[in-house]
Amino acid sequence: ETSQLSGLPEFVKIVEVGPRDGLQNEKVIVPTDIKIELINRLSQTGLSVIEVTSFVSSRWVPQVAAGATEISVFGAASESFSKKNINCSIEESMGKFEEVVKSARHMNIPARGYVSCALGCPYEGIITPQKVTEVSKRLYSMGCYEISLGDTIGVGTPGSMKRMLESVMKEIPLGALAVHCHDTYGQALANILTALQMGINVVDSAVSGLGGCPYAKGASGNVATEDLIYMLNGLGLNTGVNLYKVMEAGDFICKAVNKTTNSKVAQASFRA
Amino acid sequence: MAAMTKALPRRLVGLASLRAVSTSSMDTLPKRVKIVEVGPRDGLQNEKNIVSTPVKIKLIDMLSEAGLSVIEATSFVSPKWVPQMADHAEVLKGIQKFPGVTYPVLTPNLKGFEAAVAAGAKEVSIFGAASELFTKKNINCSMEESFQRFDAILKAAQSANISVRGYVSCVLGCPYEGKISPAKVAEVTKKLYSMGCYEISLGDTIGVGTPGIMKDMLSAVMQEVPPAALAVHCHDTYGQALANTLMALQMGVSVVDSSVAGLGGCPYAQGASGNLATEDLVYMLEGLGIHTGVNLQKLLEAGNFICQALNRKTSSKVAQATCKL
């Protein structure tokens, strides 16, 4: 039984990034057959978007040949982060992305844009909402159908989330925005709730909260899909996703890579 | 370093401000939040490993140093039931009493109350529940009988000029009864308030609540008791604690319970976590520009200390992120 908070979107699309963002940031290398099994299990849960693509470089043609139906490009709202992460300035990266996105669209392949460091940068510290808006707008106008705003190091809190979204929402339609919150400081669900209250209806998460934070040793990373679904279910919002099946997929991958889940819902529900 | 406690003005919540909750209402958040630190009692009580009296005293002293203004020190309950709290009198007598800081202790019955007063307690806590079955299983009597016990304590407390804080368990769900109606929570809260409790802490005992349910419950309760007399006590068993706490702040609550390092598991879900970690709460409040009086660095030190003593890892994400091992 659920209770509706008025003003929230009726349907929330969850973008599952466990197989890509999650596994990419796990120390253990996961064998291909395990990856495939995980993705297949996630496909049976009702999730409509499961990110399986790896980082896109200018040599993206092989991915397309391999049957990719969607690509992602990763921008950042921080000059230092862009330089350290992909070894070029924001302006240079936008140039490269434009090529990729335009070609993809030519082949009828949608492109999703990510903006890292939307609420703070490991090198620059504070990031202005204006900068986030500027980068998001570039990605949107070059043809990305959706922009995922990422709190890469999880430093954001509801106030900074609100200020950033207020700025971005002036330039980009609500329906084209998503949030990608990291739980490094335990703030992810509170930040996501804030985004939902502002009308955002696409949220990224990772099964079992896979993926640590490369910038804070020992810290956690992605928000766990199970914990996100638990909150959305409780709020009476539709997701189309079966929580129990996601928990089973999470249980599978944790056993396969020999780690304990980061999902509190899973911890509470599984008597190991 | 001591923080000052401040008497909050009473105000009633109108319907307009309740409607405003669903839209972005960061502007209506309280400017100050009082954090009630329950680690030394609720936290330790639910930890498997027993810690010595000196360790408990040192923990509480470190928490006082960190700027917390209310620290629940111990429980005057029979050692037969809760061995961890057997040293309650020594702990209460042994801690440094910082000026401006209060050290409430749990008193489940009149006998415990009298022992607490003899040991120097100036404030006590009593625990009610919004569930008949939970009351029966937890303190072995009906809700009606529990109120009679509380009444005895409250009358004695009034004579002795001792403040009493009331707790209501299971406000967002019960491990035995399942769903709990907001009306029931409002009824129990009102009763405790009218009996003389200066503040009522509403506890999501098994952490099943989500923000919409928190809002419904608080809407019902706030029609009977002023928001300034309310606190929320969220458990993080399903990862919902901070989101639920944020909702409560949006509704006008300005007192939040939490536990250093997120001490205390959940006795109803094996392996699950329990209390909201004070460090993670402070992180959010600081980010929101809300004044707490707490020094996060000193708080992290206290958390680190008790986790080493308990030989366990912290449940605070902030602590995990900050510790470079």
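Values quoted throughout were computed directly from the atomic coordinates according to the rules given, and no laboratory measurement underlies them. Keep in mind it's a predicted model, so treat the numbers as computed, not measured. With ideal geometry, Cβ positions are generated from the backbone for all residues, glycine too; neighbour counts draw on all protein chains shown.
Results, tabulated for the structure shown:
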quantity: Approximate spin-label separation residue B:183-residue A:108, in nm, with each point projected 7 Å along Cα-to-Cβ; calculated: 5.8 nm
quantity: Dimensions (Å) - the protein assembly as shown, Cα atoms, principal axes, largest first; calculated: 82, 49, 43
quantity: Estimated distance in nm for a label pair at residue A:6 and residue B:152, the labels positioned 7 Å out from Cα along Cα-to-Cβ; calculated: 4.8 nm
quantity: Order by protection proxy (mean Cβ within 10 Å, highest first), peptides B:251-257, B:55-61; calculated: B:251-257, B:55-61
quantity: Sequence-distant lysines (8 or more away, or on other chains) whose Cα lies within less than 17 Å of residue B:215; calculated: B:179, B:184
quantity: Sum of -39500 (n - 2.57) over DSSP H runs of 4+, divided by residues of chain A (222 nm, nearest 500); calculated: -11500 deg cm²/dmol
quantity: Lone cysteines, chain A (no partner Cβ under 4.7 Å); calculated: A:88, A:144, A:181, A:213, A:254
quantity: Residue pairs, from the table B:58/B:97; B:48/B:191; A:102/A:162, whose Cα atoms sit over 23 Å apart; calculated: B:48/B:191; A:102/A:162
quantity: Value at 222 nm in deg cm²/dmol, rounded to 500, when DSSP H runs of n ≥ 4 in chain B each add -39,500 (n - 2.57); calculated: -11500 deg cm²/dmol
quantity: For chain B, diffusion coefficient by Stokes-Einstein and Kirkwood Rh (Cα), 37 °C, 0.692 mPa s, µm²/s; calculated: 168 µm²/s
quantity: Cα coordinate range in chain A, projected on the principal axes (Å, largest first); calculated: 51, 43, 37
quantity: Euclidean distance between Cα centres, the stretch A:189-221 to the stretch B:49-101, Å; calculated: 36 Å
quantity: Residue B:111/residue B:133 FRET efficiency (R0 45 Å; Cβ-Cβ; nearest 0.05); calculated: 0.95
quantity: Cβ-Cβ FRET estimate between residue A:96 and residue A:126, R0 fixed at 30 Å, reported to 0.05; calculated: 0.65
quantity: Under Karplus coefficients 6.51, -1.76 and 1.60, residue-wise ³J(HN,Hα) of the stretch B:49-61 in Hz, glycine/proline x; calculated: 7, 7, 10, 6, 4, x, 5, 4, 4, 5, 4, 5, 4
quantity: Extension reserve of the residue A:27-residue A:89 stretch, reckoned as 0.36 nm per residue once the Cα distance is removed; calculated: 19.5 nm
quantity: 13 Å Cα-Cα reach of residue A:264 towards aspartates and glutamates, excluding residues that sit fewer than 8 places from it in its own chain; calculated: A:183, A:226, A:227, A:251, B:236
quantity: Theoretical gain in end-to-end length, residue A:174 to residue A:49 [0.36 nm per residue, Cα-Cα removed]; calculated: 43.1 nm
quantity: Tensor-based shape of the stretch B:41-85 (alpha-carbon gyration tensor, a/c under 1.5 rounded, otherwise prolate or oblate); calculated: prolate
quantity: Separation in nanometres of the label points that stand 7 Å from Cα toward Cβ, at residue A:233 and residue A:69; calculated: 2.6 nm
